[in-house]
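Visitor: First, the structure itself, so that you have it in front of you.
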Amino acid sequence: MVATIKELSEKQDLLSPGHRLCAGCGASIVVRMVLKSSKKPVVVASATGCLEVSTTIYPFTAWRTPFIHSAFENASATISGVIAAYDAMKKKGKIKEDINFVCFGGDGSTFDIGLQSLSGAFERGTNFVYVCYDNEAYMNTGIQRSGATPMGAWTTTSEVGKAQAGKRVHRKNMTEIMAAHGGYAAQASPSHWRDLVMKAEKAFEYDGPAFLNVLAPCPRGWRIPTDQTVEFARQAVESKYWPLYEVMEGEHKITYKPKKEIAVAEWLSPQGRFKHLLKDANQPVMTEIQTQIDKEWNRLIKMSGETT
Amino acid sequence: MSTVKAITGDAAVAEAMRSIEPDVVGVYPITPQTIIVEAYAEYVARGEVQTEFIPAESEHSAISICVGAAAAGARTMTCTSSQGLALMWEVLPIASGMRLPIVMFDVNRAISAPINIHCDHSDTMGARDTGWIQIYSENAQEAYDNFIQAVRIAEHPDVQLPTMVMMDGFVISHAIQRVEVLDDAVVKKFVGERKADYPLLDMDNPVTWGSFDGLGGWFMEFKKDQMQAIENAKRVSLEVAKDYAKISGREYGLFESYKMDDAEYAVIVINSTAGTAKTVVDTLRDRGVKAGLIKIRMYRPFPASEIVEALKNCKAVAVMDRVPGYVDIGGPLFEDVQVACYQEGVNVPLVNYIYGLGGRDILTSHIESVYSDLEKIAKTGKVATPVTYLGIKE
Amino acid sequence: MSKKWDYKNVNAKNIPRGAVIPEAGTADEYETGGWRTKHPEVDKDKCIDCLFCYMYCPDSAVITKDGKLVGFDLKHCKGCGICAVECKKDAIKMENG
């Protein structure tokens, strides 16, 4: 049984307020929900990024639970070391309690620079949960494109001009890359908190590596109002841009099916980062994005053995 | 107490590691360090050690694993070489900045390009100012002894810094030598248990490791504190050496002075070339030439005043760097010795030789030529060529 | 050990080595309420204590007790307005200040 909000509200937040993330940040919503899903004490590692710099400004730390950061691309390796120490000390009887280990990284550290260390930790069967808070660009350094930036999106390194309409290529399918490692992999959204908590609980309970790719809208980078973070996450799901599904050791399952057909344009159009796509000249990009979304949804339907 | 074995340098390091039996080893294979990794993997497979052995997917991850494990409170080791150390580079100052007493063995090998698997010191010389303690070893015995002592130096409360121990690739790492190996129990008692500061896995006292410290923070104070800690390593290493002498009969200083008491002509050298050079010193002494040798053991911290004290009465001194300096003022060891002499107001003529790059043989005849150069310099009082590439093909 | 660290009066003598922060959740003392231009107010007559506002708050600034909404932590609330938008009963309004 997934915990209720009332139950979750009775657990202390392991991320304290007073962190310096922007107003309306999607990342801290994701982190709060994930940490509340752990039924055991939890040790956190983080890659360099918005979350890490904003929560550990010396001498202030927003972490009420053990936390470690060492560099950008090595969060999975760093936590592998922590877990190795835990295993060694447990064998020697120096530690008795059961602990969950979770690693947070943005899409830059997950899709791009940290992909190797993440893959290595998964291949070694490391028992931890890796959570990507995916805001679809390098937001910490000022909105540069990453392997997670969707086609057509403006960023400061996928500019909009006569020669191109934002990012020229599609994003990487990170959830499938991690699912191919054979453990537990899921895609979630903070708007659908029950689904996210269910997946986080499952990830913590899974005996082996688990990956959660969670959409974390960034008001600054997406050019949306700060109060719309959760709403844009929701519309990403409803438009099938961000399908909610999980893969348990190769078995795909769609965990939420949008009730009505919503064109992706409805989700894209109000976001400042896509506003150039409303021009007639950029219609082919919009069409291509929709085509890709339909293709991916149909693939997921097929993979999960469903018919519609 | 000890057993004499005929083993390679790499095997000697693996023996030391087995006796220490760290909690965590994170490694990635690279020639010529591989024998150490392979041997340790065998100990693990045979159940001879309880170490969590993590074969990482890169050296960057191997050292990052060590960072995580050391912060968690575990005794942690790794070993590498050449490109592997280069790939670790980003994490080296992180490990020292976080004050994590990780102990690493680096088997010295040239840095590409061209790719070359043989010995020179460009790998660790490139990491000399990353806040790690650096200890160099002439042969397998020293590599063994230094590696065991490194644990105590690194973890000492006044130090708390990562430490790397070196020996020359192939000529030492793959050559079978006589090594006195201590009993496991003796080594274990010598290194003791690690007492970690702020262990991450103390769930009752949650701590934050790897914080952000920007403008208006304490960055400079942290760095100053680190500087003091690495300076402390000089004193601590000598204390540890005294304790080590009690269990092994071998005592080490910051550097070795060979026939330096009345030496007029001295060569300063690092690692295995010291062995070759000692033979030359002996030959020259037989001929009545007052030759001497300084072999660097602890290079970081740099025993500047101590070295100057040892060479101040010489008529001329040659510093041998096994690394291309890429500056015409000479290699890193030469620069350090020059600065040290200048600071102490000692004006001995100094000359630099770059040698042995990519495993190029260094022969007794090469070193003899260095000493005869020194005699000429002493006579004229002039250093005509400050930097010479020794043993270069014409 | 950790409880003795006077992080409110950090100085060169008491900074733990390696920039470790030896105390949990010290950011609680750091006020981010000053970032705000608007703050949330709840009409408890409309509120059904669904606590969606609590779940979606990026700053853990929604105060609950025994599963009920009791107020907002204005020392930390940055005024993003997510709680007001996500309230299904229209019970939260963003007001100036």
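Visitor: Please rank B:Asp328, A:Asp13, B:Asp129, fewest neighbouring Cβ atoms within 10 Å first, as an exposure proxy. Each step should come with its number before you reach the end.
Guide: Details: B:Asp328 8, A:Asp13 20, B:Asp129 12.
Least crowded to most crowded, the residues run B:Asp328, B:Asp129, A:Asp13.
Visitor: Still on this model: Bin by bin, in steps of 5 Å, what percent of the Cα pairs in the stretch B:221-291 do you find, going until the bin that has the longest distance?
Guide: Calculated P(r), rounded to whole percents: 4, 13, 17, 13, 15, 15, 12, 6, 3, 1, 0.
Visitor: Right, next: List, in order, the whole-Hz ³J(HN,Hα) value for each residue of the stretch A:36-43 obtained from phi through the Karplus relation with A = 6.51, B = -1.76, C = 1.60 and θ = phi - 60°; use x for Gly and Pro.
Guide: Once rounded to whole Hz, the list reads 5, 7, 7, 8, 10, x, 10, 10.
Visitor: Follow-up question, since we're still on this one. Name the residues whose placed amide hydrogens come within less than 5 Å of the amide hydrogen of A:Tyr245, ignoring near sequence neighbours (fewer than 5 apart) on the same chain.
Guide: A:Gln187, A:Thr255
Visitor: Further, regarding this structure: Mind checking the dipole of the protein assembly as shown: about its Cα centre, +1 per Lys or Arg Cβ, -1 per Asp or Glu Cβ, Debye to the nearest 20? Before the final figure, lay out each step's value.
Guide: Numbers: 89 positive and 100 negative charges, 278 e Å.
For this selection, approximately 1340 debye.
Visitor: Grab the beta carbon distance between B:Asp361 and B:Arg178, set R0 = 22 Å, and tell me the FRET efficiency rounded to 0.05. Don't skip to the end; give the middle numbers.
Guide: Numbers: r = 23 Å, r/R0 = 1.03.
FRET efficiency, B:Asp361 to B:Arg178: 0.45.
Visitor: Can you work out D for the protein assembly as shown in µm² s⁻¹ from Stokes-Einstein, where Rh is the Kirkwood radius over C-alpha pairs, the temperature is 25 °C and the viscosity is 0.890 mPa s? The partial results should precede the final answer.
Guide: Numbers: Rh = 28.8 Å.
Rounded, D is 85 µm²/s.
Visitor: Something else about it: For a quick check, take a GNM of chain B with Cα springs below 10 Å and name the residue from B:Gly214, B:Gly73, B:Gly356 with the largest mean-square fluctuation.
Guide: Maximum among the listed residues: B:Gly214.
Visitor: What are the residues whose amide H is under 5 Å from the amide H of B:Leu200, where those residues sit 5 or more places off or on another chain and H is modelled from the backbone?
Guide: Amide H to amide H, under 5 Å and 5 or more residues apart or across chains, B:Leu200 pairs with B:Ala72, B:Gly73.
Visitor: List A:Thr55, B:Thr273 from most exposed to least, where exposure is judged by having the fewest other Cβ atoms within 10 Å. Write out the running numbers ahead of the final one.
Guide: Values: A:Thr55 29, B:Thr273 23.
The most exposed by this proxy come first: B:Thr273, A:Thr55.
Visitor: Specify the residue with the greatest mean-square fluctuation among A:Gly221, A:Gly147, A:Gly81, computed from a Gaussian network of chain A linking alpha-carbon atoms under 10 Å apart.
Guide: Looking only at A:Gly221, A:Gly147, A:Gly81, the biggest GNM fluctuation is shown by A:Gly81.
Visitor: Dipole magnitude of chain A about its Cα centre, charges +1 at Lys/Arg Cβ and -1 at Asp/Glu Cβ only, in debye to the nearest 20? Working shown, then result.
Guide: Working: 37 positive and 32 negative charges, 69 e Å.
Around 340 debye, computed over chain A.
Visitor: Between their Cα atoms, which of C:Lys68/C:Lys89; B:Lys224/C:Lys78; A:Lys92/B:Lys234; B:Lys195/B:Lys242 are more than 26 Å away from each other?
Guide: Pairs exceeding 26 Å: B:Lys224/C:Lys78; A:Lys92/B:Lys234.
Visitor: Related question: Can you give me the Rg/Rh ratio for the stretch B:183-338, using Cα atoms for both radii and the Kirkwood formula for Rh?
Guide: Result: Rg/Rh = 1.09.
Visitor: To continue, here is another question. Taking θ = phi - 60°, what integer Hz values does the Karplus form 6.51 cos²θ - 1.76 cosθ + 1.60 yield along the stretch B:140-154, in sequence order, with x for Gly and Pro?
Guide: With the stated coefficients, the stretch B:140-154 comes to 4, 4, 5, 4, 4, 5, 5, 5, 5, 5, 4, 4, 5, 5, 4 Hz.
Visitor: Grab the alpha carbons of the stretch C:31-97, take their convex hull, and tell me the volume per residue in Å³.
Guide: On the way: hull volume 4.8 nm³, N = 67.
Cα convex hull per residue, to the nearest whole number: 72 Å³.
Visitor: What's the average, rounded to a whole number, of partner chain beta-carbon atoms within 10 Å of each residue's beta-carbon in B:223-234?
Guide: 1
Visitor: What are the GluC sites (Glu not before Pro) within the stretch C:15-54 that DSSP puts in a loop, where the Cβ has at most 15 other Cβ atoms within 10 Å?
Guide: C:Glu31
Visitor: Of all alpha-carbon pairs in the stretch A:110-234, indicate the percentage at a distance above 26 angstrom.
Guide: That tail contains 27 percent of the Cα-Cα pairs.
Visitor: So what are the three principal axis dimensions of the stretch B:58-195 from its Cα atoms, in whole Å, longest to shortest?
Guide: Extents along the principal axes, in whole Å: 44, 37, 23.
Visitor: Name the residue from B:Ile296, B:Ile268, A:Gly305 whose Cα lies farthest towards the positive end of the charge dipole of the protein assembly as shown, charges +1 on Cβ of Lys and Arg and -1 on Cβ of Asp and Glu.
Guide: A:Gly305
Visitor: At q = 0.13, 0.15, 0.24 Å⁻¹, what base-10 log of I(q)/I(0) does the Debye formula yield for the stretch B:162-246 when every alpha carbon is treated as an equal point scatterer in vacuo?
Guide: The Cα Debye sum returns log10 ratios of -0.81, -0.98, -1.29.
Visitor: Determine by what factor the alpha-carbon radius of gyration of the stretch B:255-389 differs from 2.2 N^0.38 Å, reporting the quotient.
Guide: 0.94
Visitor: Please identify the GluC sites (Glu not before Pro) of the stretch A:232-308 that satisfy two criteria: DSSP loop assignment and at most 16 other Cβ atoms within 10 Å. Which are they?
Guide: Passing sites in the stretch A:232-308 are A:Glu249, A:Glu261, A:Glu306.
Visitor: By how many nm would the segment from B:Gln228 to B:Arg287 grow when fully extended, if each residue of separation counts as 0.36 nm and the alpha-carbon distance is taken off?
Guide: Length gained, B:Gln228 through B:Arg287: 16.7 nm.
Visitor: Going by how many other beta carbons lie within 10 Å of each one, how would you line up C:Ile92, B:Ile367, fewest first?
Guide: C:Ile92, B:Ile367
Visitor: Say R0 is 35 Å: what FRET efficiency, to the nearest 0.05, do B:Arg250 and A:Lys94 get from their beta-carbon distance?
Guide: According to the calculation, E is roughly 0.60.
Visitor: Please compute the contact order of chain C in relative form: average sequence separation of alpha-carbon pairs under 8 Å and at least six residues apart, divided by the residue count, as a percent. All intermediate terms of the calculation are to be shown ahead of the outcome.
Guide: Working: 132 pairs, mean separation 31.6, N = 97.
Relative contact order, chain C: 33 percent.
Visitor: Another one. Loop-only trypsin sites (Lys or Arg not before Pro) in the stretch A:1-80, please: DSSP not H, G, I, E or B, and at most 11 other Cβ atoms within 10 Å.
Guide: Sites meeting the loop and neighbour criteria: none at all.
Visitor: Quickly work out the C:Ala12-to-A:Ser304 label distance, labels modelled 7 Å from Cα along the C-beta direction, and quote it in nm with one decimal.
Guide: The modelled label-to-label distance comes out at 6.1 nm.
Visitor: Another question, then. According to the Kirkwood expression over distinct Cα-Cα pairs, how big is the hydrodynamic radius of the stretch A:14-162, in Å? Walk me through the intermediate numbers first.
Guide: On the way: mean 1/r = 0.0618 Å⁻¹.
For the stretch A:14-162, inverting the mean 1/r across all distinct Cα pairs yields 16.2 Å.
Visitor: Which one of B:Tyr353, B:Ile367, B:Thr380 has its Cα pushed farthest toward the positive end of the charge dipole of the stretch B:315-394, where Lys and Arg give +1 and Asp and Glu give -1 at the Cβ?
Guide: Checked the options; the winner is B:Thr380.
Visitor: In a Gaussian network model over chain B where Cα atoms closer than 10 Å are linked, find which of B:Pro32, B:Pro101, B:Pro93 has the largest mean-square fluctuation.
Guide: B:Pro93
Visitor: With both bridge residues required to lie in the protein assembly as shown, what share of the DSSP beta bridges run antiparallel, to the nearest 5%?
Guide: Antiparallel bridges make up about 35 percent of those DSSP assigns within the protein assembly as shown.
Visitor: Let me ask something else. Counting only helical runs of four or more DSSP H residues, what would the 222 nm mean residue ellipticity of chain C come to if each run contributes -39,500 (n - 2.57) and the total is spread over all its residues?
Guide: The helix contribution divided over chain C gives -2000 deg cm²/dmol.
Visitor: Another question, if that's okay. Considering every residue in B:46-59, what mean count of other chain Cβ atoms within 10 Å of its Cβ is obtained?
Guide: 4
Visitor: Another one. With r defined as the distance between the Cβ atoms of A:Val2 and B:Lys5 and R0 fixed at 56 Å, what FRET efficiency is calculated, to the nearest 0.05?
Guide: In this case the efficiency is close to 0.40.
Visitor: Let me ask something else. Quick one: plug the Kirkwood hydrodynamic radius of the stretch B:2-248 (C-alpha pairs) into Stokes-Einstein at 20 °C, 1.002 mPa s, and report D in µm²/s.
Guide: Calculated translational D: 119 µm²/s.
Visitor: Semi-axes, largest first, in whole Å: what does sqrt of 5 times each Cα gyration tensor eigenvalue give for the stretch A:10-303? It would help to have the intermediate numbers written out before the result.
Guide: Values: eigenvalues 206, 86, 58 Å².
Working through the eigenvalues yields semi-axes of 32, 21, 17 Å.
Visitor: Right, next: Given 10 Å bins starting at zero, what is the percent of C-alpha pairs of the stretch A:53-123 in each, up to the one with the largest pair distance?
Guide: Whole-percent P(r) values from 0 Å outward: 18, 42, 33, 7.
Visitor: A follow-up question, please. What residues qualify as long-range amide H neighbours of A:Ala45, i.e. H under 5 Å apart, gap of 5 or more or another chain, H built at 1.01 Å from N?
Guide: Under 5 Å from the amide H of A:Ala45: A:Ile68, A:Val102, A:Cys103, A:Phe104.
Visitor: Read phi for every residue in the stretch A:156-163 and hand back ³J(HN,Hα) as whole Hz from Karplus 6.51 cos²θ - 1.76 cosθ + 1.60, θ = phi - 60°, with x for Gly and Pro.
Guide: Taking θ as phi minus 60°, the curve returns 6, 10, 9, 6, 10, x, 4, 7 Hz for the stretch A:156-163.
Visitor: Counting only other chains, and only Cβ atoms inside 10 Å, what mean value do you get across the residues of A:23-35? Intermediate results must be reported in sequence, preceding the final value.
Guide: Working: counts 12, 8, 5, 3, 1, 4, 7, 1, 1, 7, 2, 0, 0.
For this peptide, the per-residue mean of nearby foreign Cβ atoms is 4.
Readers should treat all values here as calculations from the given coordinates under stated rules, not as data from a laboratory. Nothing here was measured: the structure is a model prediction, and the numbers come from that model. Here the Cβ is made from the backbone with ideal geometry for all residues, glycine too, and neighbour counts use every protein chain on show.
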